[in-house]
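Note sheet for the following structure.
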Amino acid sequence: MLESMVHGLGVLLEPGIILYMLMGIMLGIVIGIIPGLTGIVLLSIFIPFTWNMGQYQALAFLMAGYAVCYTGGSITAILLNIPGTGANSATLVDGFPMSQQGKAGQAIGAALTASALGGLFGGLVLAAFIPIVRPIVMAFGAPESFFLVVMGLSFISALSHGNRSKAVFSALLGLLFSFVGYHASTAFPRYSFGFTYLFDGIKISTCALAIFAIPEMMDLMLRGGSISKSESPTTAPVRDIIQGGKEVLRHWGLFIRCSVIGTIVGAVPGVGSDVSVWVAYGHAKTTSKRSETFGQGNIEGVIAPESANNAKEGGGLLPTLALGIPGSAAMAILLGAFLIVGIQPGPRFLVEHLDLAFTIVGALIFSNLFGAFVCMIISTKLIKITQIRAQFLAPVILCVTALGAYCTRNSVFDVFLMLIMSVLGWALRELNYSRPSFFLGFILGGLAERYYSISVQTYGWTFFLTPVSITIIGLTVFGVALEPMRVYIKKKKML
Amino acid sequence: MRDKLFMKIMCISFLAVVFAGSNSNLFGAESHSAFYKGKVIHFVVGFSPGGGYDTWTRLLASAMEKQLDATVVVKNMPGAGGLIGLNYMSNRAKRDGTAMMISPLGGAQLSQLLDSPGVKYDCRKFNWLIRLTWEPQVVMVSKKSSFKSIEDLKKEDKLIATGPEPTSRAPLATVFAAEAIGLDNLKVVFGYPGSAEQIVAIMRGQAHFYSPSVGTSLRHMDELRPILVIANERVSALPNVPAVTEYQLRPEGKKLFDRIMPLWEVGRSVITTPDVPPDRVKFLREILVKCIDDKEFLKKAQRLKLSPKVLTGDKVENMVMDMMTMPADELKKIKHVVYEKYQ
């Protein structure tokens, strides 16, 4: 064991491997920053380059790029209200208001530190739990996954900013949009209006760009000025970034809890990052002493999803390496890449290639730490985007969003779809309907429908009668009831 | 004298015609080589980058560039299980042999047969150039279960299998094997997005079995046990696992099984657009065989864990034509099995 660890980690110190990792990290950050390009796209682009690499080089290159691409996505979420992927969608709820208040540096510092440490946490958990992952994975079948998704959906109230009925309406609208395309069980297309492009539904990145990015840029163009509404421009971004990093250490309890959430949810095949970040965000709001400031630039709302976001990669790798069962779509592609370089993940993998497992863990941890460091350096310059005047910034961002939408499926159709949906995004913004609630409904609606359908087909209407399901239901009810209970107790004390 | 001269001219003309005729292939091949030289060929992939179709296409593209001295551009057009790519090939791609695509495994034919929404092509009009590979599905049960054979599955009161949706490969193979063997206790639960969720479902006892391809099944032998190959004969990778035809089959079920099996045997086949001149189609078929016989291609394919199982284009075309001319009563039975009986 010790010998494998020394060999597996020692390989990462070879100059050739370091070079591949640095290449992976740089490209991963660039892809992460471009809206619409996800970890799946990154792996698809990277894999052909690994065809002629050795095992260690290929692993280091792929892991490095994949580990950091979600880190890059948080920067655009905070600065421009553009979540690169669904995994960054919870970060913008508090991250972007912080940018508007001139605290972009702090938000980025907190996000990147939480990402780096979350990645480190996920990596360490991966190393420690690989041999005992089976019970975690086996505990989550369709019913349990359904209730996990419902738990994510229950945090709509956390996004209401005082107007619950509007938040619920937005979420229902999001659910409706998630039903566009093939029905999960029957493969019959719904709400497609005869367009074959809509058979696969609306892509998450297209929706994110339409709902968040374009309305924000339209608003910026109409009101003029810059994203940062603060009178005093950010003069010392480095100090702000360090301050943000310190906030993560100050909220270490929240960081640990959200990293645990990210790791566990990441390890459940099929549920993945989109759920984990919202569960972490909802948990942060539920347990915070300043829950009323969530959505208005509370730094805890940035730390929570970013910790979960990067910790989930370690979690996702757990079933992939230990059981040969990919934890997400990206992990399925990664599994294919492992097979190409001659690695067969599964129970025997740990017996035959324990050193490679440590190489993967080491590459994951190093890339998360180094990637966050590089992002911090880039951010000191990128923060100034928030002070660029609208007439210069908005056209560039609109072009980038169009490119992002196009890259989703190499189709102009997605660009038009994004433009049409941005009218909805604009309307939601102007009428003060919660856009994060809409997005939450949209990204979780498909998963909820799928797991509900499988559960009912398999177990009938008593599908919720499993210990794990009942526990999750209990936690969900507790989470939803906690705030009204707090208000009630507060009122009673005042009387 | 004049007659002799006339005869000589006639003889020379005759010999010239015979020579030209006997070498028409050569001249034809030369003219087609000239047609493709320097041209841009669009190779459509009906799925996202990174998957099996994409890998096969990119591998084939580099071999074709070498053989044709042309530029092959890979164009990913993902969506609707390859339907967007097929519709593009039928209606918008150039009909001169410069657009190609690997047809989705059985999906192209099946979607058309079952009148699936969005089908705007006719499989019979595509030109089928070559089959690259194919593999059957395998019934996999948990190693922890007591199931060792199909007989054990028959004893279960309510047998549950998993699958993505009714018209995808694995559940299709499952229901037609069940129809032939007589697994009337089977219910297929649909909606599983991929292999991972199905494997977890089987390992935790949520379902009894699923039917991945042979390649996928080999990766999960530590946890799962193969008990049936859904094909007419055993496969070399799983020599101890019986094929469907080794069981006593119900005549009606066997008839439907035989009707539907070519869907798998057509496998991953390369198509080009309708209306390409027949001699150019013939030329492309020859070129593709050469591509796959190329040592460099085979070396790369081995590294990528891709194993070609070639079938010539004319044979693939015959299989497709045969399948697409299905009598109405058989089609009705097939729809009943796919959409109703096992749900």
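The values are calculated or read from the model by the stated rules, or taken from the named source; none is laboratory data. The structure displayed is predicted, hence computed values, not measured ones. Reconstructed Cβ throughout: ideal geometry from the backbone, glycine too, with neighbour counts over all protein chains shown. Accessible surface areas use protein heavy atoms only, side chains included; no ligands, DNA or RNA. Shrake-Rupley method; radii C 1.70, N 1.55, O 1.52, S 1.80 Å.
Laid out as a table, the results:
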quantity: Single match in B:M221, B:M261 (criterion: within 14 Å of chain A (Cβ to nearest Cβ) and not hydroxyl-bearing (S, T, Y)); calculated: B:M221
quantity: Sole residue being open to solvent by 10 Å² or more (accessible area, probe 1.4 Å), closer than 30 Å to A:I325 by Cα and modelled with pLDDT under 90, chosen from A:R134, A:R164; calculated: A:R134
quantity: Conditions (1) more than 28 Å from A:L209 (Cβ to Cβ); (2) open to solvent by 20 Å² or more (accessible area, probe 1.4 Å); (3) assigned to a helix (DSSP H, G or I); (4) more than 12 Å from every other protein chain (Cβ to nearest Cβ): number failed by A:A427; calculated: (1)
quantity: Single unsatisfied condition, B:S111 versus (1) small (G, A, S); (2) open to solvent by 20 Å² or more (accessible area, probe 1.4 Å); (3) assigned by TED's automatic domain parsing to the domain that holds B:T245; (4) under 28 Å from the mean Cα position of the chain (by Cα); calculated: (3)
quantity: In region A:327-381, the residues that are within 14 Å of another protein chain (Cβ to nearest Cβ), open to solvent by 40 Å² or more (accessible area, probe 1.4 Å) and among the aliphatic types (A, V, I, L, M); calculated: A:A329, A:A332, A:V351
quantity: Exclusive hit being farther than 27 Å from B:D293 by Cβ, within 11 Å of chain A (Cβ to nearest Cβ) and of a type outside the set (D, E, K, R), set B:M140, B:M77; calculated: B:M77
quantity: Region A:449-466: number of residues that are in contact with a helix residue (DSSP H, G or I) (Cβ under 9 Å, 6 or more places away or on another chain) and open to solvent by 70 Å² or more (accessible area, probe 1.4 Å); calculated: 4
quantity: Every pair of residues 6+ apart whose Cβ atoms lie under 8 Å, when the first sits in region B:122-136 and is touching a residue at least 12 places away in the same chain (Cβ under 8 Å) and assigned to a helix (DSSP H, G or I) while the second is open to solvent by 20 Å² or more (accessible area, probe 1.4 Å) and among the polar types (S, T, N, Q); calculated: B:C123/B:Q112
quantity: Any hit, region A:77-86, residues being in contact with a Lys or Arg (Cβ under 7 Å, 6 or more places away or on another chain) and either without any contact (Cβ under 8 Å) to a residue 24 or more places away in the chain or not acidic (D, E) (or both); calculated: no
quantity: Region B:177-205: number of residues that are in contact (Cβ under 8 Å) with a residue 40 or more places away in the chain, open to solvent by 10 Å² or more (accessible area, probe 1.4 Å) and within 7 Å of another protein chain (Cβ to nearest Cβ); calculated: 1
quantity: All positions within region A:365-389 that are in contact with a Leu (Cβ under 7 Å, 6 or more places away or on another chain) and over 30 Å from A:L222 (Cβ atoms); calculated: A:I365, A:F366, A:N368, A:L369, A:A372, A:C375, A:M376
quantity: Residue check for A:F442: assigned to a helix (DSSP H, G or I) and either modelled with pLDDT under 85 or surrounded by 15 or more Cβ atoms within 10 Å (Cβ to Cβ) (or both); calculated: yes
quantity: Residue that is nearest to the other protein chains (Cβ to nearest Cβ) [pool: residues in region B:80-107 that are open to solvent by less than 30 Å² (accessible area, probe 1.4 Å) and without any contact (Cβ under 8 Å) to a residue 40 or more places away in the chain]; calculated: B:A80
quantity: Test set (1) among the hydrophobic types (A, V, I, L, M, F, W, C); (2) modelled with pLDDT under 90; (3) within 15 Å of B:P262 (Cα to Cα) - B:I130 fails condition number; calculated: (2)
quantity: Test: residue in region A:469-484 that is modelled with pLDDT of 90 or more, in contact with a helix residue (DSSP H, G or I) (Cβ under 7 Å, 6 or more places away or on another chain), within 14 Å of chain B (Cβ to nearest Cβ) and more than 27 Å from A:I34 (Cα to Cα); calculated: yes
quantity: Hits in region B:297-343 (condition: part of a helix (DSSP H, G or I), open to solvent by less than 30 Å² (accessible area, probe 1.4 Å) and more than 30 Å from B:D54 (Cα to Cα)); calculated: B:E330, B:I334, B:V337
quantity: Subset of region A:287-319 (residues that are in contact with a Phe, Trp or Tyr (Cβ under 8 Å, 6 or more places away or on another chain) and within 14 Å of chain B (Cβ to nearest Cβ)); calculated: A:L318
